[in-house]
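In what follows, a structure is listed as structure tokens, so that the remarks can point back to it.
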Amino acid sequence: MEHRFDLFENPVAVSLVKRLTMASKVVNESTLPAATHELVKIRASQINGCGYCTDMHTKDAAHAGETSVRLNLVAAWHEATVFTEAERAALALTEEATRIGDGRAVSDAVWQEVRKHYDDDQIAALIAAIAVINAWNRVNVIARTPAGDYVPGQWG
């Protein structure tokens, strides 16, 4: 795959990257568990076909201590037994919210599961996490940012 556009060579793109990075800090500073945040970023990135973000977030999660079993099963979380009920609720919300462009909506059943496991601040963080990673995915897919060379902690 050939890189279409370097996001660090254009002042408008650099400004966007800085603002998306700042938006991510809202989630990083919240009480949403860091492991859940990484799972959300990985699953949305898989759905959106963003190799760069999938590479980054699987490596960051592994670096933070996430197991290879759990990382390998994110794409098949529905059938996997290695995720908590709270993580499963977050992954379900991620899938439904990421696919709203397909004419779908977040179901009441998924929302009820999220409400069961997370408080309002954590739900706000989940919504922010899903929105921000979907924005990052779109930026990187459009620009064809190549995957594979990311080093954990490279951007912060």
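Here, each number is a calculation from the coordinates, and none is a lab measurement. None of these values were measured; they are calculated from a predicted model. Using ideal geometry, Cβ is built from the backbone for each residue, glycine included, and neighbour counts are taken over all protein chains shown.
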Principal-axis tilt of helix 85-98 within the chain, Cα atoms, nearest 10 degrees: 50 degrees
Rounded Å value of the spacing that divides the Cα centres of region 128-148 and region 1-69: 7 Å
Cut-off of 10 Å, at most 16 other beta carbons, DSSP loop: longest stretch of the chain lacking such trypsin sites (Lys or Arg not before Pro): 5-98
Assigned charges on the beta-carbon of Lys, Arg, Asp, Glu; region 32-143 dipole about Cα centre (debye): 280 debye
Lysines whose Cα lies under 24 Å from that of Lys59, excluding same-chain neighbours fewer than 8 positions away: Lys18, Lys25, Lys41
Highest-fluctuation residue, Ile142, Ile133, Ile100 considered, GNM on the chain with Cα pairs under 10 Å: Ile100
In Hz, Karplus ³J(HN,Hα) per residue of region 67-81 (6.51, -1.76, 1.60; θ = phi - 60°; x = Gly, Pro): 7, 5, 4, 5, 4, 5, 9, 4, 5, 10, 4, 4, 9, 8, 9
Dimensions (Å) - the chain, Cα atoms, principal axes, largest first: 45, 31, 29
Choice from Val69, Val17, Val27 showing the highest fluctuation, given a GNM over the chain with Cα pairs closer than 10 Å: Val69
Within the chain, longest stretch free of exposed chymotrypsin sites (Phe, Trp or Tyr not before Pro) [DSSP loop, at most 14 other beta carbons within 10 Å]: 9-154
Backbone HN-Hα couplings from phi across region 127-135 [Karplus 6.51/-1.76/1.60, Hz, Gly and Pro as x]: 4, 4, 4, 5, 5, 5, 5, 5, 5
Calculated from backbone phi, Karplus (6.51, -1.76, 1.60) coupling profile of region 19-31 in Hz, x at Gly/Pro: 5, 5, 5, 5, 4, 5, 5, 4, 6, 4, 8, 8, 8
Residues with amide H under 5 Å from that of Arg144, placed H, sequence gap 5 or more: Arg4
Listed residues Ala90, Val69, Ala135: farthest to the positive end of the dipole of the chain (Cβ charges): Ala135
Exposed GluC sites (Glu not before Pro) absent - longest run of the chain, DSSP non-H/G/I/E/B, at most 12 other C-beta within 10 Å: 80-156
